[in-house]
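Asker: Supplied in structure tokens, the structure appears directly below.
The values are calculated or read from the model by the stated rules, or taken from the named source; none is laboratory data. What you see is a predicted model; the values in this text were computed from it and never measured. Positions of Cβ are backbone-derived with ideal geometry, glycine not excepted, and every protein chain shown enters the neighbour counts. Just the protein is used for accessible areas: all its heavy atoms, side chains included, with ligands, DNA and RNA removed. Shrake-Rupley method; radii C 1.70, N 1.55, O 1.52, S 1.80 Å.
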Amino acid sequence: MSTDQQAPEDLVGEVRRVAPRWLLACCGLLAALAGVALSQATTWALRADLSPVEAVAARVRDLTPGPVVETALGVLGTAGKPVLLGGTVLVVLALCAYAASLLRRLPLAADLLFLALGAVGFLAVVTDPSPAAGSVLAVLVGLVTWVVVLRVLTGPVLDDPPADGSGRRRFLVRLGVVVGGVAALTLAGRVAGGARRGVESARRLLRLPVSGGDAPGGADLGIEGLGPWRTPNSDFYLIHTALAAPAIRPVEWQLRIHGRVQRELTLSYADLLDRKLTEAWVTLTCVSNEVGGDLVGNAWWSGVPVRELLAEAGVDPEADAVLQTSADGWTCGTPLTALTDGRDALLAVAMNGRPLPVDHGFPVRMVVPGLYGYVSATKWLVDLEVSRFEDFSAYWTERGWGERGPVKTQSRIDVPRSGANLAAGPVTVAGVAWAQGTGVRGVEVQVDGGPWRPAVLGVVPSVDTWVQWSLRVDLEPGEHRVVCRATDATDYTQTPTRTDVIPDGATGWHEVSFNVD
Ligand SMILES: Nc1nc2c(c(=O)[nH]1)N[C@H]1C(S)=C(S)[C@@H](COP(=O)(O)O)O[C@H]1N2
Ligand SMILES: [Mo]
């Protein structure tokens, strides 16, 4: 009997079968594959534009000397991209396999390599011109998968194997679970991403009976540095708790209206479009908007007045609230009166004449003038339950935010920018002010602590939109400080007292400081 055919023996003389390095390398390879697959699946599912592997490959390409890239492209042609991506993956797999093969002598080698590769992926993703949160999350998912899968696979291999061969069974079971689990999750990510693409194309094909909305003449003061009165969909602020926007096809969308009603209603997208649509300019504001912040936007919305649907359902006179639920499970509670008092509270299907963008709630969202978004503007809306405030709690109110959320009268200076250096001569100070549901009566500007001077206001179609304002002032060379404040139609003038955004919206005056040469 020759010793080299036998497993080495330790001092006590028990048989110890040492896992061969190739087996450890295979575990490393599998862990690496699993990590790459799940990071890719995360990218798909969240519909981020860039997977970590793509980001790294793009960096490799950018860092490669130009002539090399050109020669490579000349040889490879359109195969250049797959070769670059495949090459990146192969290098990662090879490194991981090698590090895992050292696991016995250098137990931390693999973890350190994973961390280093994760850092490379992270850097590649965040230095992208438009880094997406989904891509960053994908790096994290990949990293965690590497570490966990390697532990899971090598556990039974590195432990002293029981003589009865159960160690081998344990390994095979774990191998099966890892391979099956990763394959299933990757497929799920692919399907989720595909669903989103399907919804995007369904949205593009929709032709809705809506108009694009004409901004009233004189609404836009046309001042450089002051954003347009109508916020384009692509520039409209985005706030939601969902990591990825729910993908809902119009044909599968349904809205249920129930709770304290005489007749429950269930509406399809077609039912909604069969009704007469109302269209209105409404400025939406986020309660988290700081003084001077930009979580506010104005759009032309088309939809069905929710009061008509509530009237059909027959609301119980005891009810004082409507609990709204979105497809992703987010909830908010809206005062019933805001939905029934005649204001343009809409189940909106279009924004600025286009079907709602997926990120803004496609196919149907709520828009309620005069209330902050967190208590009213549910995107991907699927359920309205007529209720009482005392009978439920909603997503943000559970987290310490106010129950009702009426918009506070606010104003903002957009030009000059803080810290600007202006040429001598007359200076235009301009911005926006809003008091949805009430209307802005006037905006005043104070320069360097002097008297308040009334600004010129743009024309607005209703009390539900913001208004642009401007004032020309002559300023001496030097540092200047400008403050603005709005007065609404109830004669309330903005308080100078600064309060935080939590629990129910910031107060205080916006000011900017700048220099005149
Ligand atoms: N489903 C869902 N709807 C939501 C939210 C959310 O987190 N999930 N956020 C709300 C908040 S806080 C605001 S300010 C508005 C923002 O709408 P927008 O992203 O279209 O600008 O959406 C509201 N609707
Ligand atoms: Mo918000």
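Asker: With respect to VAL516, determine if the residue is more than 30 Å from THR334 (Cα to Cα) and open to solvent by less than 20 Å² (accessible area, probe 1.4 Å).
Answerer: yes
Asker: Moving on. Take the residues in the range 190-234 that are within 20 Å of the chain's Cα centre (by Cα) and outside any helix (DSSP H, G or I); name whichever of them is farthest from LEU284 (Cα to Cα).
Answerer: PRO232
Asker: Go over the candidates GLY431, GLY437 one by one and state the one that is in contact (Cβ under 8 Å) with a residue 40 or more places away in the chain, in a loop (DSSP other than H, G, I, E, B) and within 35 Å of the chain's Cα centre (by Cα).
Answerer: GLY437
Asker: Something else about it: Tell me, please, whether a residue that is open to solvent by 10 Å² or more (accessible area, probe 1.4 Å), small (Gly, Ala, Ser) and outside the structural domain of ALA506 (by TED's automatic domain parsing) can be found in the range 293-309.
Answerer: Within the range 293-309, one or more residues are open to solvent by 10 Å² or more (accessible area, probe 1.4 Å), small (Gly, Ala, Ser) and outside the structural domain of ALA506 (by TED's automatic domain parsing).
Asker: Ok, one more. Tell me whether the range 359-367 contains one or more residues that are in contact with a helix residue (DSSP H, G or I) (Cβ under 8 Å, 6 or more places away or on another chain) and within 16 Å of ligand 2 (Cβ to nearest atom).
Answerer: Taking every residue of the range 359-367 in turn, at least one turns out to be in contact with a helix residue (DSSP H, G or I) (Cβ under 8 Å, 6 or more places away or on another chain) and within 16 Å of ligand 2 (Cβ to nearest atom).
Asker: Of the residues that make up the range 242-262, is at least one among the small types (Gly, Ala, Ser), out of contact with any Pro (no Cβ under 9 Å at 6 or more places or on another chain), more than 29 Å from ALA48 (Cβ to Cβ) and modelled with pLDDT of 95 or more?
Answerer: Checked against the condition, which is being among the small types (Gly, Ala, Ser), out of contact with any Pro (no Cβ under 9 Å at 6 or more places or on another chain), more than 29 Å from ALA48 (Cβ to Cβ) and modelled with pLDDT of 95 or more, the range 242-262 yields at least one hit.
Asker: Could you please find all residues in the range 269-293 being within 16 Å of ligand 1 (Cβ to nearest atom) and among the polar types (S, T, N, Q)?
Answerer: Answer for the range 269-293, where residues must be within 16 Å of ligand 1 (Cβ to nearest atom) and among the polar types (S, T, N, Q): THR283, THR285, SER288, ASN289.
Yes/no matrix, rows are residues, columns are (1) open to solvent by 50 Å² or more (accessible area, probe 1.4 Å); (2) among the charged types (D, E, K, R); (3) assigned by TED's automatic domain parsing to the domain that holds TRP44:
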residue	(1), (2), (3)
GLY194	no, no, yes
VAL210	no, no, no
ASP214	yes, yes, no
GLU224	yes, yes, no
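Asker: Being open to solvent by 70 Å² or more (accessible area, probe 1.4 Å), modelled with pLDDT of 70 or more and outside any loop (DSSP other than H, G, I, E, B) narrows it down to one of LEU93, LEU33, so name that one.
Answerer: None of the others qualify; the one that does is LEU33.
Asker: Quick check on my filter: what residues within the range 154-166 are open to solvent by less than 80 Å² (accessible area, probe 1.4 Å) and either of a type in the set (D, E, K, R) or in contact (Cβ under 8 Å) with a residue 12 or more places away in the chain (or both)?
Answerer: THR154, GLY155, PRO156, VAL157, LEU158, ASP159, PRO161
Asker: Separate question: Being outside any helix (DSSP H, G or I), of a type in the set (Lys, Arg), surrounded by fewer than 20 Cβ atoms within 10 Å (Cβ to Cβ) and modelled with pLDDT under 90 narrows it down to one of ARG174, ARG151, ARG169, ARG105, so name that one.
Answerer: Values: ARG174 fails: outside any helix (DSSP H, G or I); ARG151 fails: outside any helix (DSSP H, G or I); ARG169 fails: outside any helix (DSSP H, G or I).
None of the other options fit; the residue is ARG105.
Asker: Can you tell me how many residues in the range 341-371 are under 18 Å from the mean Cα position of the chain (by Cα) and not aliphatic (A, V, I, L, M)?
Answerer: 7
Asker: For the range 362-373, indicate whether the set of residues that are away from ligand 1 (no atom under 14 Å from the Cβ), among the hydroxyl-bearing types (Ser, Thr, Tyr) and either in a loop (DSSP other than H, G, I, E, B) or open to solvent by 20 Å² or more (accessible area, probe 1.4 Å) (or both) is non-empty.
Answerer: There is no residue in the range 362-373 that is away from ligand 1 (no atom under 14 Å from the Cβ), among the hydroxyl-bearing types (Ser, Thr, Tyr) and either in a loop (DSSP other than H, G, I, E, B) or open to solvent by 20 Å² or more (accessible area, probe 1.4 Å) (or both).
Asker: If we only count strands (runs of 3 or more DSSP E) wholly inside the range 239-330, which ones have 2 or more residues that are within 16 Å of ligand 2 (Cβ to nearest atom)? Can you show your working first?
Answerer: Working: elements: 254-259, 265-268, 278-285, 296-305, 321-326.
Result: 278-285, 296-305, 321-326.
Asker: Taking the range 469-517 only, how many residues are part of a strand (DSSP E or B) and charged (D, E, K, R)?
Answerer: So the count comes out to 7.
Asker: Please indicate, with yes or no, whether at least one residue in the range 375-392 is in a helix (DSSP H, G or I) and crowded, with 24+ Cβ neighbours inside 10 Å.
Answerer: The answer is yes; a qualifying residue exists.
Asker: Filter the range 230-253 down to the residues that are over 25 Å from TYR372 (Cα atoms) and in contact with a Leu (Cβ under 8 Å, 6 or more places away or on another chain) and list them by number.
Answerer: Once the filter is applied, which keeps residues that are over 25 Å from TYR372 (Cα atoms) and in contact with a Leu (Cβ under 8 Å, 6 or more places away or on another chain), the range 230-253 yields only PRO250.
Asker: Name every residue in the range 331-353 that is open to solvent by 10 Å² or more (accessible area, probe 1.4 Å) and within 13 Å of ligand 1 (Cβ to nearest atom), in order of residue number.
Answerer: Going residue by residue through the range 331-353, those that are open to solvent by 10 Å² or more (accessible area, probe 1.4 Å) are 331, 335-337, 340-344, 352-353.
Listed by number, the residues that qualify are THR331, ASN352.
Asker: Among the residues of the range 360-415, write down those that are closer than 17 Å to PRO335 by Cα, touching a residue at least 40 places away in the same chain (Cβ under 8 Å) and among the basic types (Lys, Arg).
Answerer: ARG388, ARG404, LYS408
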